[in-house]
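What follows is a set of notes on a single structure, which appears directly below.
What follows is calculated from the coordinates using simple rules that are stated; it is not laboratory data. As the structure is a prediction and not an experimental result, all values here were calculated from the model. Cβ atoms come from the backbone with ideal geometry, glycine included; neighbour counts cover every protein chain shown.
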Amino acid sequence: MMVRVVAPGPMTTVQDLGRWGHQALGIPVSGAMDTWSHRAANQLVGNPPEAATLEVTLAGPTLEFSAGTTIAVGGARFLLEVEGQAAPSGRAVSLSPGGRLAFGALTAGARAYVAVAGGFELPRVFGSRSTDLASHFGGLEGRPLRTGDSLNVGVASGAARPGRKLRPPFPLPRGGAVLRVLCQPEADASLYPRLFGQRFQLGPTSNRMGYRLSGPSLASADPAGGLSAATPVGTIQVPPSGDPILLMADRQTTGGYPAPATVISADIGVAAQLAPGDWVEFAPCSYADARAALAAREDAIRHQMNGAV
Amino acid sequence: MTPPEIDGGGSAAAAWRVWRCGDAALAVGCDAELNPDVNAKAVEIARQVRAAGLAGVRDVVPTHSAVTVYVDPLVADTAALSDRLRRWAASAEPETLPGRELTVGVRYGGPGGPDLGAVAAFAECSLDEVVQRHAAARYRVFMLGFLPGFAYMGVVDRRIAMPRRQTPRVAVPARAVGIAGRQTGIYPAVAPGGWQLIGTAELEPFRLDGEPACVFRPGDLVRFEPRSVEAP
């Protein structure tokens, strides 16, 4: 079974849960920006969470499936057409041999995930099928999809149930979002009044590596400050310019800039659904709140897995 | 993103502490950069964390003077991990496994070393003396980062420790050998970069089909061997 790329969309890449365990060698994690929606789409077609999906950014591809199968699109909401008929997002849909999936207008969020029963079958590089755009490996030749590409699909487990529907794991942002953060101990605390409760805007060059934010300047009297260490997803970095950068899936493994706060795991998927031009606000929270928010999201996704039809 | 700045301070006895980096990582570290003893301790702590095989640990990343441990917050017992990191930091001796010794041939200057003359001017010496000083030291791989396989090595002879360029180059060639203050390294791939480029390495630090793909590991000991010296 093959999937042919009839039209690629501006930035469609193969992603999974990321390339963990190799950051000590400078190898970035990558993976789906919104792992929640990636997992939800996989669930709908009966795939394990680590199966590869296609991450669609802002505008969608047109894909043709050589054999009958079940597909689902999770995450950002698009007007979809399956075999020429309007089809819902967030629902498992049957396709006949030669059937096409086409993306229309985006109505909420920024990134959608296309799952197919069996998952996109590509060689694992350092344990992952995710595309590393900076280093040009993983996914399909380490690059976004192009017209005429063909992708192999693995053997389906048979657990796909067409018609099955999931609610999104969180409300999709429309134009902006508040993201909760944990403060970095020993950070320059004079930054916080300028970081919290203020609106920042995602710059046009924001991408899978990071979101370049403009808003109140976070330039610091102590630009070197803090301890240098590895850079988890969600780290808010402040380069000397004072314009913060929110590090996302394709971030480098280490960074030397001050990092006053880190977006909590439960809100990374929300961040992933923001687009250039959207606003973002940061709000401090406690570790206990962060963990509880993560547990609540996990419960929701597990409950839907067991209960939803 | 830029590499960490160097303060040259700290010692192996510096105060190690544990802190959270968001809700999905803990770090243990101290204030010291380019200190081989501190870094050796970080490498050893990272080895012990990996060897312990704790539930919920997703990745372990030693840097100059810290180790970041990535966890699944719903699986890992972060309070227990935090205690263990503190204990390891208190007890770890600088690495029990000595670093591997590696030698890298370098063609100094020429088209791949456009800044060799600038470094000579900075050091007020000849091109040959820059090369001799760069090749005389045995460098420690402190950490990897920036690009897959990029090793931050030190400590560069103070005399030739020229700071980064004011304006980074848009595209540094692969295998270029650079100096940035007291650090030196080899670009594994074409990338933007601000290091002073003094030559071209004979070795590719990162090859996807290589065995292993990344030549360098934290704690390795590296010597550069001049193959030729040309005016840039």
Where q = 0.06 Å⁻¹, what log10 of I(q)/I(0) comes from the Debye formula for the protein assembly as shown, counting one point per Cα? -0.30
Rounded to whole Å, give me the distance from the Cα center of the stretch B:26-72 to that of the stretch B:181-232. 24 Å
Quick check on the exposure proxy: order A:ARG129, A:ARG194 from fewest to most C-beta atoms within 10 angstrom. A:ARG194, A:ARG129
If I fit a long axis through the Cα atoms of helix B:36-52 and take the longest principal axis of the Cα atoms of chain B, what angle between them do I get, 0 to 90°, rounded to 10? 50 degrees
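Rounded to the nearest 5, what % of DSSP beta bridges with both residues in the protein assembly as shown are antiparallel?
Approximately 85 percent, going by the DSSP bridge assignments.
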Listed with the fewest Cβ neighbours within 10 Å leading, A:SER128, A:SER135, A:SER96 appear as A:SER96, A:SER135, A:SER128
Separation between the B:GLN166 and A:ALA67 pseudo-spin-labels, each 7 Å from Cα along Cα→Cβ, expressed in nm? 6.3 nm
Starting with the fewest neighbours, write out B:LYS41, A:LYS165 ranked by other beta-carbon atoms found within 10 Å of each beta-carbon. A:LYS165, B:LYS41
Between Rg and the Kirkwood Rh of the stretch A:176-304, both from Cα atoms, what is the Rg to Rh ratio? 0.96
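Give the percent of DSSP beta bridges with both residues in the stretch A:176-304 that are antiparallel, rounded to the nearest 5.
On the way: 16 of 23 bridges.
Expressed as a percentage, antiparallel bridges in the stretch A:176-304 total about 70.
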For peptides A:253-261, A:234-242, sequence by mean Cβ density within 10 Å, most packed first: A:253-261, A:234-242
Gap in Å between the Cα centre of the stretch A:110-147 and the Cα centre of the stretch A:1-23? 3 Å
With R₀ set to 35 angstrom, the calculated FRET efficiency between the beta-carbons of A:GLU186 and A:GLU121, to the nearest 0.05, is 0.15
Hey, quick one: spin label on A:ALA7, modelled 7 Å out along Cα-Cβ, who in the stretch A:76-90 has an amide N within reach, i.e. under 16 Å? A:78-87
For chain A, what is the largest minus smallest coordinate of the Cα atoms on each principal axis, given in angstrom and ordered from greatest to least? 63, 36, 31
I need the fraction of alpha carbon pairs in the stretch B:5-91 separated by more than 18 Å, rounded to a whole percent. 36 percent
Might you report the magnitude of the Cβ-based charge dipole of the protein assembly as shown about its Cα centre, with Lys and Arg at +1 and Asp and Glu at -1, to the nearest 20 debye? 900 debye
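Which FRET efficiency value, to the nearest 0.05, do you get for A:ARG302 and A:SER217 by plugging their Cβ-Cβ distance into 1/(1 + (r/R0)^6) with R0 = 56 Å?
0.85
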Longest principal axis of chain A (C-alpha) makes with the long axis of helix A:287-307 (C-alpha) an angle, in degrees to the nearest 10, of 10 degrees
What is the antiparallel percent of DSSP beta bridges lying wholly in the stretch B:101-230, to the nearest 5? 70 percent
Amide N proximity, the stretch B:70-109 versus B:GLN132 label position 7 Å along Cα-to-Cβ, cut-off under 13 Å: none
Quickly estimate the mean residue ellipticity at 222 nm for the protein assembly as shown, helices only: each DSSP H run with n ≥ 4 gives -39500 (n - 2.57), and the total goes over all residues, rounded to 500. -5000 deg cm²/dmol
In debye, nearest 20, what is the charge dipole magnitude of chain A about its Cα centre with +1 on Lys and Arg Cβ and -1 on Asp and Glu Cβ, if you could check? 640 debye
Any idea how far apart B:CYS125 and A:GLU81 come out in nm if each label point goes 7 Å out from Cα toward Cβ? 7.0 nm
How big is D, in µm² s⁻¹, for the stretch A:2-152 by Stokes-Einstein at 37 °C and 0.692 mPa s if Rh is the Kirkwood radius over C-alpha pairs? 220 µm²/s
Give me the one-decimal nm value for the distance between modelled label points at B:GLU225 and B:ASP83, 7 Å along each residue's Cα-to-Cβ direction. 5.1 nm
Report the equivalent ellipsoid semi-axes for the stretch A:65-160 in whole Å, largest first, defined as the square roots of five times the eigenvalues of the gyration tensor built from alpha carbon atoms. 23, 17, 13
C-alpha long axis of helix A:35-44 to longest principal axis of chain A, angle in °: 20 degrees
FRET efficiency, B:VAL190 to A:ALA295 (Cβ-Cβ, R0 51 Å, nearest 0.05): 0.70
Note, ³J(HN,Hα) from phi for the stretch A:119-125, Karplus 6.51, -1.76, 1.60, rounded to Hz, x at Gly and Pro: x, 6, 9, 9, x, 7, 10
